[in-house]
Amino acid sequence: MSTLTKTEGETAPTGPESFLSVSDLRVRFSTEDGIVKAVDGLSFDVARGRTLGIVGESGSGKSVTNLTVLGLHNPKNTTVEGEIVLDGKELVTATEKEMEKLRGNKVAMIFQDPLTALSPYYTVGRQIAEPFMKHTGASKKEARARAIEMLTKVGIPQPKSRVDDYPHQFSGGMRQRAMIAMALVCDPDLLIADEPTTALDVTVQAQILDLLKDLQQEFGSAIVFITHDLGVISEMADDLLVMYAGRAVERGSTAEVLRRPRHPYTWGLLSSMPRLGGSIDQALTPIPGTPPSLLNPPSGCPFHPRCAFTGEVPGDRCSTERPPLGEGRAAACHLTAEQKQTFFIDKIQPRLR
Ligand code: SF4
């Protein structure tokens, strides 16, 4: 399976397995205070039937990347450079009309808050049926039957009567399921899930994650799963991209990145959150400082103002030289491969027990 195989700045080779290929993506916003570099040279691939997890703090560029893939950025104040190739079609240069055709049909998104996606004025059934009619030309009757079928699939009880309910008549977990039904009604090939379970309690969260896995098996969709929760990522994602300040700083298979992380920022993320199976008195160590302003990002390695390992790199390379992300399993950091391994084992791993 080909998934994460490119380096930053390369042109994306769109192989037959690479369903979504993002290459050297740069997204800039013009604001009153200057230009915000929200995404700064990002590359990744996702194959059909695979899930790519993207983790990072708020403002790391993960959500902007995915809104850009969907063409949902504001064209008036946003500049997009690089390539986004979906099933062989270039999206950066696509017209709004072409993007509209793709959204809901080939690509769908599940948001954190179902209330932003569901309108309070229409029944749940109508909101699931409408994109189906629009993209497939189905009749009202066929679309209603399809809405009931989708509500059944996502586990809504009594779907034949609940199809006529309004969103406020559904619980939070049911609304999230309804939004998933709406996102999947046209069998999209790519599903982007942005913190889809953050607002839900643990039991409902587990049910929704299981549901997404089952539906992926059934539809063979590629999934991009955005979250700050590494526990959820270890459940869901085959491959992992760690983002910081609009760039990818580490990537690899999820199992490898979580077992042997190589970037000081990934070490910080792991040390700052409770681990599944970790000891009950596990001390959490927050990453010092705050994420950088993307109006004026730090020179060199963007993580250097917060990094505890700059003294291990000779000279002032951390503050002057941007570390590249190598190919395949890689971390964008000036530490040597040996240092990355030794520091993790000696200094970080003991904290994670
Ligand atoms: Fe830390 Fe330097 Fe590595 Fe950046 S390049 S993560 S500042 S050690």
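Look at the dipole of the chain built from charges on Cβ: of G125, M236, S63, the Cα furthest out on the positive end belongs to G125. Probing with 1.4 Å while keeping every protein chain in the model, the per residue accessible area of region 261-352 equals 52 Å².
Over 24 Å between Cα atoms, which of K97/K213; K37/K62; K62/K134 qualify?
Among K97/K213; K37/K62; K62/K134, the Cα-Cα distance tops 24 Å for K97/K213; K62/K134.
Calculated accessible area for region 78-139 comes out at 53 Å² per residue, all protein chains present (probe 1.4 Å; ligands, DNA, RNA ignored). Against the criterion of solvent-accessible heavy-atom surface with a 1.4 angstrom probe, H304, H228 sort, most first, into H228, H304. Amide H contacts for V92 (H built 1.01 Å from N in the peptide plane; partners 5 or more residues away or on another chain; cut-off under 5 Å): I84.
Counting heavy atoms of the protein chains alone, E218 has an accessible area of about 110 Å² for a 1.4 Å probe. In order along region 290-307, phi translates into HN-Hα couplings of 10, x, x, 6, 8, 6, 9, x, x, 6, x, 6, x, 8, 4, x, 10, 8 Hz, rounded to whole numbers, per the Karplus curve 6.51 cos²θ - 1.76 cosθ + 1.60 with θ = phi - 60° and x for Gly and Pro.
Between K76 and R259, the modelled label-to-label distance comes to 5.1 nm, taking each label 7 Å out from Cα in the direction of the beta carbon. With all protein chains in place and a 1.4 Å probe, the accessible surface of the chain carries 52 percent carbon and sulfur.
Taking the helices alone, the chain has a mean residue ellipticity at 222 nm of -9000 deg cm²/dmol, built from -39,500 (n - 2.57) per DSSP H run of at least 4 residues and averaged over all its residues.
In region 164-179, whose amide N lies under 18 Å from the spot 7 Å out along Cα-to-Cβ of D210? List them in ranges. Taking a point 7 Å out along Cα→Cβ of D210, the residues of region 164-179 whose backbone N falls under 18 Å are 173-178. I want the antiparallel fraction of DSSP beta bridges within the chain, as a percent rounded to 5. Roughly 60 percent of the beta bridges in the chain run antiparallel, per DSSP. With a Förster radius of 41 Å applied to the beta-carbon distance between N296 and K160, the computed FRET efficiency rounds to 0.15.
Couplings 3J(HN,Hα) of region 83-95, computed from phi: 10, 10, 10, 10, 6, x, 9, 6, 9, 4, 9, 5, 7 Hz, in residue order, whole Hz [Karplus 6.51 cos²θ - 1.76 cosθ + 1.60, θ = phi - 60°; x for Gly and Pro].
Using the Cα gyration tensor of region 148-211, with a ≥ b ≥ c the square roots of its eigenvalues, what is the shape: rounded (a/c below 1.5), prolate (a/b larger than b/c) or oblate (neither)? Taking the square roots of the gyration eigenvalues as a ≥ b ≥ c, region 148-211 is oblate. Sorting 99-108, 129-138 by average packing, meaning the other beta carbons within 10 Å per residue, from highest down gives 99-108, 129-138. Once the Cα-Cα distance is subtracted from the 0.36 nm per residue extended length, the E312 to S58 segment shows a gain of 88.7 nm. Summarising the amide proton neighbourhood of R247: residues at separation of 5 or more, or on other chains, whose placed amide H is nearer than 5 Å comprise D40. Using 0.36 nm per residue and subtracting the Cα-Cα separation, the extra length available between T95 and T136 on full extension is 12.7 nm. For D316, the accessible surface of its heavy atoms amounts to roughly 100 Å² (probe 1.4 Å, protein chains only, rounded to the nearest 10).
Rounded, prolate or oblate: which fits region 34-102, taking a ≥ b ≥ c as square roots of the Cα gyration tensor eigenvalues, rounded meaning a/c under 1.5, else prolate when a/b beats b/c? Note, shape of region 34-102 comes out oblate. Each residue of region 115-121 was assigned a 3J(HN,Hα) from its phi angle through the Karplus expression (A = 6.51, B = -1.76, C = 1.60, θ = phi - 60°), giving 5, 7, 9, 9, 7, x, 8 Hz with x at Gly and Pro.
When all protein chains stay in place and ligands, DNA and RNA are ignored, the 1.4 Å accessible-area order of S119, S171, S60, largest first, is S171, S119, S60. Ordered by solvent-accessible area of protein heavy atoms (1.4 Å probe), largest first, the residues I287, I84 come out as I287, I84.
You can think of it this way: the chain between E218 and R329 has 37.1 nm of extra reach, that is 0.36 nm per residue less the Cα-Cα gap.
The values are calculated or read from the model by the stated rules, or taken from the named source; none is laboratory data. Keep in mind that what you see is a predicted model, and the values were worked out from it rather than measured. Glycine also receives a Cβ, built like all others from the backbone with ideal geometry; neighbour counts cover every protein chain displayed. Only protein heavy atoms, including side chains, enter the accessible area calculation; ligands, DNA and RNA are left aside. Shrake-Rupley method; radii C 1.70, N 1.55, O 1.52, S 1.80 Å.
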